[in-house]
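Visitor: Okay, handing you the structure first.
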Amino acid sequence: MTIRIDRIVTRGGDTGQTSLGNGERVAKDSARVEALGALDEANAIIGLLRGTLPAGRNATFIAWLQGLLFDIGGAVCMPASPPRPLPHAAAALQAMENEIERLRADIPPLRSFILPGGTPAAGHAHLARTVVRRAERRLATLARQEDIGADIPACMNRLSDYLFVLGRHLNDDGAADLTWAPASPPPGPA
């Protein structure tokens, strides 16, 4: 597929509207555009995570996930009734589940909730997970207004699961996880 973008400045959005992939003009704060924006944010933070990973299987899989998010965005920006199925959705779900199980094999079970953070890469994975969850919520809002199919929500849910497990993997397979403990009185002055 060849993509050609000749102009960046179009002035088409200056009045608070934007065009969908089918040419339809909609408000920039419509549920569909909110979902598209959240998908874009998720892809951007996953790109930041990707930059923290050494070359190898995890980085390659993250690069593939960025393409998947673009495919999801493409489906969302082209409204159709009934919605077009997401290409390769079953294979994408299976690939994410396989990666989750591969990473989980060396991680001990949780005995406490964990706090986002640890190594810089794990912190990026946890941040990416929260942004993916926001995109998932925006898609749920859109799905209450119109049918977006079952593939997209399932893929987003699995993606956040994967990012959680990846975060633990990047924390020395859970050894560097930051565990939660109920709040105690704040520390005193130094």
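The values are calculated or read from the model by the stated rules, or taken from the named source; none is laboratory data. This is a predicted model, so every value here is computed, not measured. With ideal geometry, Cβ positions are generated from the backbone for all residues, glycine too; neighbour counts draw on all protein chains shown. All accessible areas refer to the heavy atoms of the entire protein, side chains included, with ligands and DNA or RNA removed. Shrake-Rupley method; radii C 1.70, N 1.55, O 1.52, S 1.80 Å.
Visitor: At 0.36 nm per residue, minus the direct Cα-Cα distance, what do Ser30 and Arg104 gain on full extension? Give it in nm, one decimal, please. Write down the numbers at each step before the final one.
Guide: Numbers: separation 74, 0.36 × 74 = 26.64 nm, distance 3.84 nm.
Full extension of this stretch gives 22.8 nm more.
Visitor: Ordering Arg50, Arg129 by how much accessible area each has at a 1.4 Å probe, largest first, what is the list?
Guide: Ranked from most to least accessible, the order is Arg50, Arg129.
Visitor: If I take every Cα pair under 8 Å that is 6 or more residues apart in region 60-151, average their sequence separation and divide by the length, what percent do I get for the relative contact order?
Guide: Reported relative contact order: 40 percent.
Visitor: Are there DSSP H segments in the chain that both extend 30 Å or more along their axis (alpha-carbon positions) and score a mean Kyte-Doolittle hydropathy of at least -1.0? List them, or say none.
Guide: Once both thresholds are applied, what remains is 31-52, 120-145.
Visitor: Keeping the other protein chains in place, figure out the carbon and sulfur percent of the accessible area of the chain, with a 1.4 Å probe.
Guide: Within the chain, the accessible surface is 57 percent carbon and sulfur.
Visitor: Extent of region 81-141 along each principal axis, from alpha carbon coordinates, in Å, largest to smallest?
Guide: Taking the Cα atoms of region 81-141, the three principal extents are 44, 26, 21 Å.
Visitor: Right, next: How long are the three semi-axes of the equivalent ellipsoid for region 111-154, computed from the Cα gyration tensor as the root of 5 times each eigenvalue, in whole Å, largest first?
Guide: Numbers: eigenvalues 165, 22, 14 Å².
Rounded to whole Å, the semi-axes are 29, 11, 8.
Visitor: Give the dimensionless ratio obtained when the Cα radius of gyration of the chain is divided by 2.2 N^0.38 Å.
Guide: Taking N as the residue count of the chain, the ratio is 1.17.
Visitor: Another question, then. For Gln17, enumerate residues with amide H under 5 Å from its amide H, sequence gap 5+ or separate chain, H modeled in the peptide plane.
Guide: Lys28
Visitor: Which residue fluctuates the most in the chain, going by a Gaussian network model with Cα springs under 10 Å, if the choices are Leu20, Leu142, Leu115?
Guide: Fluctuation is largest for Leu115.
Visitor: Could you tell me the relative contact order of the chain? Use alpha-carbon pairs under 8 Å, at least six residues apart, and round to a whole percent. Present the calculation step by step, with values, prior to reporting the outcome.
Guide: Numbers: 200 pairs, mean separation 50.3, N = 190.
Taking the mean separation of contacting Cα pairs over the length of the chain, I get 26 percent.
Visitor: So what is the accessible area of the chain per residue, in Å², with the probe set to 1.4 Å?
Guide: In whole numbers, the chain has 59 Å² accessible per residue.
Visitor: May I pose another question? Hey, what do the phi angles of region 182-189 turn into as Karplus ³J(HN,Hα) couplings, whole Hz, using 6.51/-1.76/1.60 and θ = phi - 60°, x for Gly and Pro?
Guide: Values, residue by residue: x, 4, 10, x, x, x, x, x Hz.
Visitor: Give me the one-decimal nm value for the distance between modelled label points at Ser184 and Thr141, 7 Å along each residue's Cα-to-Cβ direction.
Guide: Calculated label separation equals 4.1 nm.
Visitor: Would you grab the residues whose amide H sits under 5 Å from the one on Leu178? Only those 5+ places off in sequence or on another chain, please, with H modelled 1.01 Å from N.
Guide: Amide H neighbours of Leu178, under 5 Å, 5+ apart: Leu115.
Visitor: Can you find, among Phe70, Gly117, Asn58, the residue sitting farthest towards the positive end of the charge dipole of the chain, where Lys and Arg contribute +1 and Asp and Glu -1 at Cβ?
Guide: About the Cα centre, the residue reaching furthest to the positive side is Phe70.
Visitor: Report, in deg cm²/dmol and to the nearest 500, the calculated mean residue ellipticity at 222 nm for the chain, where each DSSP H run with n ≥ 4 adds -39500 (n - 2.57) and the sum is divided by the residue count.
Guide: -19000 deg cm²/dmol
Visitor: Also: Using a Förster radius of 35 Å, what is the FRET efficiency between Ser19 and Thr60 based on their Cβ-Cβ separation? Nearest 0.05, please.
Guide: Numbers: r = 34 Å, r/R0 = 0.96.
Approximately 0.55, to the nearest 0.05.
Visitor: Under a point-charge model restricted to the Cβ atoms of Lys and Arg (+1) and Asp and Glu (-1), what is the dipole moment magnitude of the chain relative to its Cα centre, in debye to the nearest 20?
Guide: For this selection, approximately 240 debye.
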